[in-house]
Amino acid sequence: LEQRHLALEAELTSQRTQAEAVAKILQLINKTKDDSQPVFDAILEYAATLCGAPMASLNVIQDNRKHALMVAHWGQELRSLAVGKTLWQLDSLIAITTSMRECRVMQVDDLAATQLYGEEQVTRTGVVDLEGVRTFLSVPVMKDSTCIGSIALYRCEVKPFTQDHIALVENFAVQVAI
């Protein structure tokens with residue numbers, strides 16, 4: 001009974017923290033109507049922190065619908081990727097572009113155990129070997145029925161994200177689309 005009580009308290013605390021984060025983001029959206037960067041930064045910070053990820057990024061599909069640009073990053077310093085410079089080719093086979101192209105959540109439990117890593121695909125080996133990423137999650141950002149980008153979370157250990165984490169990031173993706 002005591003364990004059940006502690007579990008319910010932990011769940012309630014988690015829900016309060018998430019609700020507070022959403023409220024703060026909505027306030028920020030109202031304050032910074034002309035500058036979306038602070039909103040993006042806050043969304044990434046809350047998403048990463050609440051999901052136990054040391055890094056998060058926001059990627060926006062470009063007008064030509066052939067590339068997505070990394071427009072924001074939160075967390076550990078990047079070595080091979082750069083905000084405003086990293087372009088993801090949407091027809092590539094990596095998880096982040098597949099997520100945007102197919103408008104669906106993509107999770108890779110261990111990037112180092114994938115075929116692309118084994119084949120020494122440049123992007124995959126860079127993310128694993130230079131950035132230290134092992135577990136990866138990409139959630140599409142949808143506007144109407146079109147994918148306009150993605151929120152990506154990265155862990156430096158093999159530790160898949162839970163369904164609760166995915167649902168939380170999906171809620172943040174809705175806020176990005178605002």
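Among the residues making up segment 81-101, those that are farther than 21 Å from Ala173 by Cβ and open to solvent by 70 Å² or more (accessible area, probe 1.4 Å) are Lys85, Gln89, Asp91, Leu93. Of all residues in segment 27-43, those being in a helix (DSSP H, G or I) and at pLDDT below 80 number 5.
Okay, residues lined up against (1) closer than 23 Å to Gly52 by Cα; (2) modelled with pLDDT under 95:
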| residue | (1), (2) |
| --- | --- |
| Thr98 | no, no |
| Glu102 | no, no |
| Asp109 | yes, no |
| Gln121 | no, yes |
| Arg134 | yes, no |
| Val141 | yes, no |
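Of all residues in segment 119-147, those that are among the aliphatic types (A, V, I, L, M), surrounded by fewer than 19 Cβ atoms within 10 Å (Cβ to Cβ) and under 25 Å from Gln62 (Cα atoms) total 2. Apart from one condition, Leu116 fits all of (1) in contact with a helix residue (DSSP H, G or I) (Cβ under 7 Å, 6 or more places away or on another chain); (2) open to solvent by 20 Å² or more (accessible area, probe 1.4 Å); (3) free of Cβ contacts under 8 Å to residues at least 40 places away in the same chain; (4) part of a strand (DSSP E or B); the exception is (4). Among the residues of segment 54-63, those that are touching a Leu at 6+ places or on another chain (Cβ under 8 Å) and either more than 22 Å from Leu87 (Cα to Cα) or surrounded by fewer than 24 Cβ atoms within 10 Å (Cβ to Cβ) (or both) comprise Met55, Val60, Ile61, Gln62. Considering the conditions (1) in contact (Cβ under 8 Å) with a residue 60 or more places away in the chain; (2) of a type outside the set (Ser, Thr, Tyr); (3) in a loop (DSSP other than H, G, I, E, B), Glu170 is excluded by exactly one of them, (3). In this entry, Arg65 is excluded by the filter for residues that are over 16 Å from Ser150 (Cα atoms) and of a type in the set (Lys, Arg).
The values are calculated or read from the model by the stated rules, or taken from the named source; none is laboratory data. Because the structure is predicted, anything quoted here is derived from the model rather than measured. Virtual Cβ from ideal backbone geometry, glycine too; neighbours counted across all protein chains shown. Note: accessible area is taken over every heavy atom of the protein model, side chains too, but ligands, DNA and RNA are not part of it. Shrake-Rupley method; radii C 1.70, N 1.55, O 1.52, S 1.80 Å.
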